[in-house]
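Taken together, the values in this text are just the output of simple stated rules run on the coordinates, not laboratory data. This one's a predicted model, so the numbers in the text were calculated from it and none came from an experiment. Ideal geometry is used to build each Cβ from the backbone, glycine not excepted, and the neighbour counts take in all protein chains shown.
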């Protein structure tokens with residue numbers, strides 16, 4: 001096992017002894033329970049005000065559902081948000097607050113659920129997110145979605161899942177056109193986390209971790225990716241964003257380091273209607 005933290009030919013290197021420190025983020029940032037409570041409170045308040053259409057099924061499994069926050073426009077761009085939680089926890093109702101700055105800017109927002117480990121494999125989750133996007137595209141008339149203006153955003157595990165939607169792989173053939181990808185604190189090269197306790201519920205071996213890593217593939221034609229990360233993330237997460245930038249080159253058009261935030265608090269900034277970061281994202285989606 002290599003003895004240094006870093007990159008090698010665009011892939012993340014993490015010594016096995018340092019994997020836990022790099023990837024067990026709830027240990028690294030012990031204020032997570034308070035941050036998560038804040039997310040839930042803000043989400044409940046926003047839901048009460050905006051009255052999204054909730055628990056819309058895009059499949060026949062219990063967690064194959066989404067909430068739809070409609071902008072005040074007949075036809076509008078769509079932003080699909082995928083929550084984090086290390087592929088084993090989290091729920092759309094916890095993070096609905098992310099919708100506010102984008103709905104206010106005339107963008108519909110769909111916040112989706114997907115099946116979680118250990119009941120589901122990560123391969124299943126990738127398929128489910130893909131199916132959710134296809135379902136929203138197929139139901140564009142119902143929701144008033146401009147089918148040429150679909151963008152996707154994901155946090156942490158969600159960053160991995162949304163970036164997996166734009167790899168140049170047979171599975172992504174026939175996907176609706178994705179205008180922009182916003183990957184927040186994403187994991188793009190999975191073998192580095194295999195030795196950590198995060199993998200207990202995932203049961204990844206190195207071969208599966210390699211196969212599920214977006215950094216191991218070329219991006220599809222037309223992909224346009226923004227990576228976003230908190231200033232105080234662990235070194236491994238900074239390396240994750242550096243790896244996808246090296247591997248995907250000019251497809252990663254912007255990299256934003258949000259000051260004075262860590263892996264969890266970065267989401268508060270992106271959900272803040274007054275934040276310059278949410279404004280940049282909204283303007284990008286709206287073509288300004």
All positions within region 7-59 that are more than 30 Å from residue 245 (Cβ to Cβ) and touching a residue at least 60 places away in the same chain (Cβ under 8 Å): 38, 42, 58, 59
Tell me yes or no: at least one residue of region 148-157 is buried (at least 19 other Cβ atoms within 10 Å of the Cβ), part of a helix (DSSP H, G or I) and in contact with a strand residue (DSSP E or B) (Cβ under 9 Å, 6 or more places away or on another chain). yes
Pick from region 27-63 the residues that are within 19 Å of the chain's Cα centre (by Cα) and in a helix (DSSP H, G or I): which of them is surrounded by the most Cβ atoms within 10 Å (Cβ to Cβ)? 43
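What are the residues in region 213-222 that are surrounded by fewer than 21 Cβ atoms within 10 Å (Cβ to Cβ) and either in contact with a helix residue (DSSP H, G or I) (Cβ under 8 Å, 6 or more places away or on another chain) or at positive phi (or both), if any?
Hits for region 213-222 are 216, 218, 220, 222.
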Conditions (1) under 25 Å from residue 233 (Cα atoms); (2) surrounded by 23 or more Cβ atoms within 10 Å (Cβ to Cβ); number of the one not met by residue 108: (1)
Of all residues in region 69-96 being part of a strand (DSSP E or B) and in contact with a helix residue (DSSP H, G or I) (Cβ under 7 Å, 6 or more places away or on another chain), the one that is farthest from residue 20 (Cα to Cα): 77
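Just to be sure, is residue 99 in contact (Cβ under 8 Å) with a residue 24 or more places away in the chain and either under 23 Å from residue 25 (Cα atoms) or in a loop (DSSP other than H, G, I, E, B) (or both)? Can you show your working first?
Working: in contact (Cβ under 8 Å) with a residue 24 or more places away in the chain: yes; either under 23 Å from residue 25 (Cα atoms) or in a loop (DSSP other than H, G, I, E, B) (or both): no.
It is false that residue 99 is in contact (Cβ under 8 Å) with a residue 24 or more places away in the chain and either under 23 Å from residue 25 (Cα atoms) or in a loop (DSSP other than H, G, I, E, B) (or both).
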Assess whether residue 66 counts as being touching a strand residue (DSSP E or B) at 6+ places or on another chain (Cβ under 9 Å) and in a helix (DSSP H, G or I). no
For the structure I just gave you, tell me whether residue 261 is part of a loop (DSSP other than H, G, I, E, B), touching a strand residue (DSSP E or B) at 6+ places or on another chain (Cβ under 8 Å), in contact (Cβ under 8 Å) with a residue 12 or more places away in the chain and closer than 24 Å to residue 21 by Cα. yes
